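The values are calculated or read from the model by the stated rules, or taken from the named source; none is laboratory data. Bear in mind that the values here come from a model prediction, so they are computed numbers and not experimental data. Every residue, glycine among them, receives a Cβ derived from its backbone with ideal geometry; neighbour counts consider all protein chains shown. For accessibility, only protein heavy atoms count, side chains too; no ligands or nucleic acids. Shrake-Rupley method; radii C 1.70, N 1.55, O 1.52, S 1.80 Å.
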Amino acid sequence: MTTEALPQVRPRTVKYLKRQEAIVLAASQILNQKGLKGMSLGDIGEHLKMTPTGVAYYFANKEELAAACFQRSIETFNHFIADAATEPTVIGRLKRLIILVLSFHRDVASGEIPAIAQADDIRALGDPEVIGAYVEMFRQTRALFRKPELEPAPRSTTNARVHFLVQQFWWMNLWLPHYQPEDFERITDRFIDIIMNGIGAPGHRWAPELLTLPETNVGGREDPHEVFLRAATQLINEQGYHGASVDRISARLDVTKGAFYHHIDAKDDLVVVCFRRTTEVVRRTQVAAQKLPVDGHSRLASALNSLIEHQLLGDAPLLKGATVSLPVGIRQDILKDYERNAVRFGSMISDGQADGSLRLVDVQIAAQITAAAVNGMGELTYWLPGAPEQHAGENYLRPLFNGLTAGLE
């Protein structure tokens, strides 16, 4: 092999590393605004007054740059987890982790530190190293729940609680901007109270009813439009926006691409419709639960448990809310739908507080915690070993009512 054939090694000088870090920081902001699909090296170059070729000197393509952004986000959380791990008790460790995460968000909101890339598009990127780092972060979070003197909880139980908590951290990016930095101390106290103690009032047991979701068949035959949406939703949840190609959706349904375009105009249109279908399924489930002749605790539990049961059985899968995959104009409309659903959850929580079945907590924060739990249902199968539908509602949803550490201390 000649010298010319050897790969070029870029010099890792202090200046090089600083410029590389500046590119990652700028790219993280653009990822959060446009998503992986919308980001380009030209965007980053324009932000930093560099040419796309100049950016490519540090990162060969946008996928390599996005991977660096996500790794930085994961490393940030790893620092929080390592700090929290020094606390002697499960409750102490989880409280410390929440305090660190919310303090970080406060500093971002006040402009003291730059934001990190949201995790929405990690699966869409499909980088094995990034996904491996995320899984390891999940494992380290799971270790915070361990109490050596007690028999370890079943893996499915702990994994469900970890996923519930991690989803809260990513969902914060949607609702914390509604608050001022000076509100964050109060938010932290109220968030910890809800997470640790749950929203259920003492003496009210977990007894959800399984609701029948709206019919998706017409004249005794299933609506083919719904069939395509269901398959697309499952693929987007599994493989991200880029992985859910028209070919793969058609192959899963054993139909031609022509049949796909007969029902859906374009893949981008399909993703938008999948988001709208998800928010509509949640809305109709909420409405059905509100009509039950039971207390507020049971209504909310029935709505959430029905959503997760239908999600895991594949009857009505929900799209995980990676809204950064959407064009900016459309994204705002979809976010309004998500916010309306969160507001309705807040109304259901208020009803439960009025009849005494739910504790008096901050309704707005409790509503967002509930919405985050619903959003996390789209990825729950990745974290529950074995048959995920077995006791998924109890493992994943009961902590919302009883507290995340119930039975661990």
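If we keep just the residues of region 56-73 that are in contact (Cβ under 8 Å) with a residue 24 or more places away in the chain and surrounded by fewer than 17 Cβ atoms within 10 Å (Cβ to Cβ), which is nearest to the chain's Cα centre (by Cα)? The residue in question is Glu63. Check whether at least one residue in region 374-397 is within 21 Å of Leu94 (Cα to Cα), modelled with pLDDT under 85 and either basic (Lys, Arg) or part of a helix (DSSP H, G or I) (or both), and report yes or no. Taking every residue of region 374-397 in turn, at least one turns out to be within 21 Å of Leu94 (Cα to Cα), modelled with pLDDT under 85 and either basic (Lys, Arg) or part of a helix (DSSP H, G or I) (or both). Here the condition is being free of Cβ contacts under 8 Å to residues at least 24 places away in the same chain, open to solvent by 10 Å² or more (accessible area, probe 1.4 Å) and among the β-branched types (Val, Ile, Thr); of Thr76, Thr53, Thr89, it holds for Thr53 alone.
Considering only residues that are touching a Ser or Thr at 6+ places or on another chain (Cβ under 9 Å), hydrophobic (A, V, I, L, M, F, W, C) and not in a loop (DSSP other than H, G, I, E, B), look in region 104-132 and name the one that is modelled with the lowest pLDDT. So that I can check it myself, show each step before the final result.
Taking region 104-132 as the starting set, the residues that turn out to be touching a Ser or Thr at 6+ places or on another chain (Cβ under 9 Å) are 104, 106, 114-122, 124.
Retained after the next criterion (residues that are hydrophobic (A, V, I, L, M, F, W, C)): 104, 115-117, 119, 122, 124.
This time we only want the ones that are not in a loop (DSSP other than H, G, I, E, B), so: 104, 122, 124.
Details: Phe104: 97, Ile122: 85, Ala124: 78.
Step by step, filter region 104-132, then rank; the result is Ala124.
When you scan region 144-151, do you find a residue that is open to solvent by 20 Å² or more (accessible area, probe 1.4 Å), in contact (Cβ under 8 Å) with a residue 12 or more places away in the chain, part of a loop (DSSP other than H, G, I, E, B) and touching a His at 6+ places or on another chain (Cβ under 9 Å), even just one? Within region 144-151 (the criterion being open to solvent by 20 Å² or more (accessible area, probe 1.4 Å), in contact (Cβ under 8 Å) with a residue 12 or more places away in the chain, part of a loop (DSSP other than H, G, I, E, B) and touching a His at 6+ places or on another chain (Cβ under 9 Å)), the answer is no, since none of the residues qualifies. For region 16-37, check the following and say yes or no: at least one residue is open to solvent by less than 40 Å² (accessible area, probe 1.4 Å) and over 30 Å from the mean Cα position of the chain (by Cα). Within region 16-37, one or more residues are open to solvent by less than 40 Å² (accessible area, probe 1.4 Å) and over 30 Å from the mean Cα position of the chain (by Cα).
For Ile122, are the conditions met, namely being without any contact (Cβ under 8 Å) to a residue 24 or more places away in the chain, surrounded by 14 or more Cβ atoms within 10 Å (Cβ to Cβ) and closer than 30 Å to Val271 by Cβ? Full working, then the answer.
Details: without any contact (Cβ under 8 Å) to a residue 24 or more places away in the chain: no; surrounded by 14 or more Cβ atoms within 10 Å (Cβ to Cβ): yes; closer than 30 Å to Val271 by Cβ: yes.
Considered against the rule, which asks whether it is without any contact (Cβ under 8 Å) to a residue 24 or more places away in the chain, surrounded by 14 or more Cβ atoms within 10 Å (Cβ to Cβ) and closer than 30 Å to Val271 by Cβ, Ile122 comes out as no.
Being buried (at least 20 other Cβ atoms within 10 Å of the Cβ) and either among the β-branched types (Val, Ile, Thr) or part of a helix (DSSP H, G or I) (or both) is a description that does not apply to Val135.
Taking each residue of region 290-307 that is assigned to a loop (DSSP other than H, G, I, E, B) and looking for partners that are open to solvent by 10 Å² or more (accessible area, probe 1.4 Å) and acidic (Asp, Glu) with beta-carbon atoms closer than 7 Å, six or more apart or interchain, yields Leu292/Glu209; Asp295/Asp355.
On the basis of being of a type in the set (Ser, Thr, Tyr), out of contact with any Gly (no Cβ under 7 Å at 6 or more places or on another chain) and free of Cβ contacts under 8 Å to residues at least 40 places away in the same chain, does Ser103 make the cut? No. With respect to the conditions (1) more than 27 Å from Leu319 (Cβ to Cβ); (2) part of a helix (DSSP H, G or I), Pro88 falls short on a single one, namely (2).
Applying the criterion of being outside any loop (DSSP other than H, G, I, E, B) and of a type in the set (Lys, Arg) to the residues of region 171-216, the residue that is nearest to the chain's Cα centre (by Cα) is Arg190. When we screen Gln332, Gln364, Gln368 for residues that are in a helix (DSSP H, G or I), modelled with pLDDT of 90 or more, open to solvent by 40 Å² or more (accessible area, probe 1.4 Å) and among the polar types (S, T, N, Q), the only hit is Gln364.
Yes/no per residue for (1) over 26 Å from Arg142 (Cβ atoms); (2) in contact with a Phe, Trp or Tyr (Cβ under 9 Å, 6 or more places away or on another chain):
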residue: Ala22; (1), (2): yes, no
residue: Leu48; (1), (2): yes, no
residue: Pro52; (1), (2): yes, no
residue: Lys62; (1), (2): yes, no
residue: Phe70; (1), (2): no, yes
residue: Lys95; (1), (2): no, no
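State yes or no: is Ala109 farther than 28 Å from Glu238 by Cα and either small (Gly, Ala, Ser) or surrounded by fewer than 19 Cβ atoms within 10 Å (Cβ to Cβ) (or both)? When the stated conditions are applied, Ala109 passes them.
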